[in-house]
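For reference, the structure is listed below as structure tokens.
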């Protein structure tokens, strides 16, 4: 489970697509499922869950994806507030769009429609894509010193970019995308 924060762009209108573009091919596919799992868990436990349409809470994928990993830092972060929940929803939708860009001959990811309906539900609540980005993010990396359910966003970006280079290099590919400019440059984002 993870939520890779790879873009240091703070403008919501472009942040999500850029963040999804920076994901390696393997994560463009995998993180949609993990994000949906965290969102479904949040819909089962978070205090704001009753604001989300019961149709979304009681249909696929929430039914087959039983709540799980509730104590994981990224799931705790998602459940902490509606801003974080919105962020993960929008990132998951951007990952679905990126999936279609990189793999145009494949079918939409099985959770694409549900995630888009969830985004529409958030729009109706007034929590639109241009809603401010969270100031703090979870970091779920191997190093226990860096694991946290709440880090300042600049630190989170730096941790994840370094993690990507250190741990994902052997299988890091970006189909039909350039390698991100920061990949392979240690400490690409200085903490404030």
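The values are calculated or read from the model by the stated rules, or taken from the named source; none is laboratory data. The structure displayed is predicted, hence computed values, not measured ones. All Cβ positions, glycine included, derive from the backbone under ideal geometry; neighbour counts span all protein chains shown.
Evaluate the following for residue 159: is it touching a strand residue (DSSP E or B) at 6+ places or on another chain (Cβ under 9 Å), farther than 13 Å from residue 32 by Cβ and surrounded by 13 or more Cβ atoms within 10 Å (Cβ to Cβ)? Before the answer, list the steps.
On the way: touching a strand residue (DSSP E or B) at 6+ places or on another chain (Cβ under 9 Å): yes; farther than 13 Å from residue 32 by Cβ: yes; surrounded by 13 or more Cβ atoms within 10 Å (Cβ to Cβ): yes.
Taking the combined requirement at face value, the residue satisfies it.
Residues that are in contact with a helix residue (DSSP H, G or I) (Cβ under 7 Å, 6 or more places away or on another chain), over 23 Å from residue 42 (Cβ atoms) and either assigned to a loop (DSSP other than H, G, I, E, B) or at pLDDT 85 or above (or both) are absent from the stretch 122-135.
Residue by residue, here is whether (1) modelled with pLDDT under 95; (2) in a loop (DSSP other than H, G, I, E, B); (3) farther than 23 Å from residue 149 by Cβ holds:
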| position | (1), (2), (3) |
| --- | --- |
| 2 | yes, yes, no |
| 8 | yes, yes, no |
| 13 | yes, no, yes |
| 17 | no, no, yes |
| 21 | no, no, yes |
| 33 | yes, no, no |
| 37 | yes, no, no |
| 40 | yes, no, no |
| 43 | yes, no, no |
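Consider the stretch 162-192 and keep the residues that are within 17 Å of residue 136 (Cβ to Cβ) and surrounded by fewer than 17 Cβ atoms within 10 Å (Cβ to Cβ). The one that is modelled with the lowest pLDDT is 192. Within the stretch 103-112, restricting attention to residues that are over 16 Å from the mean Cα position of the chain (by Cα) and modelled with pLDDT under 85, the residue that is surrounded by the fewest Cβ atoms within 10 Å (Cβ to Cβ) is 105. With respect to (1) at pLDDT 90 or above; (2) farther than 19 Å from residue 29 by Cα; (3) within 15 Å of the chain's Cα centre (by Cα), the lone exception for residue 152 is condition (3). For the stretch 94-116, does any single residue satisfy the condition of being touching a residue at least 24 places away in the same chain (Cβ under 8 Å) and more than 27 Å from residue 177 (Cβ to Cβ)? No; the residues of the stretch 94-116 include none that is touching a residue at least 24 places away in the same chain (Cβ under 8 Å) and more than 27 Å from residue 177 (Cβ to Cβ).
For the stretch 141-149, check the following and say yes or no: at least one residue is within 29 Å of residue 50 (Cβ to Cβ) and either surrounded by fewer than 19 Cβ atoms within 10 Å (Cβ to Cβ) or modelled with pLDDT under 90 (or both). Before the answer, list the steps.
Step one: list which residues in the stretch 141-149 are within 29 Å of residue 50 (Cβ to Cβ), which gives 148-149.
Then keep just the ones that are either surrounded by fewer than 19 Cβ atoms within 10 Å (Cβ to Cβ) or modelled with pLDDT under 90 (or both); that gives 148-149.
Yes: one or more hits.
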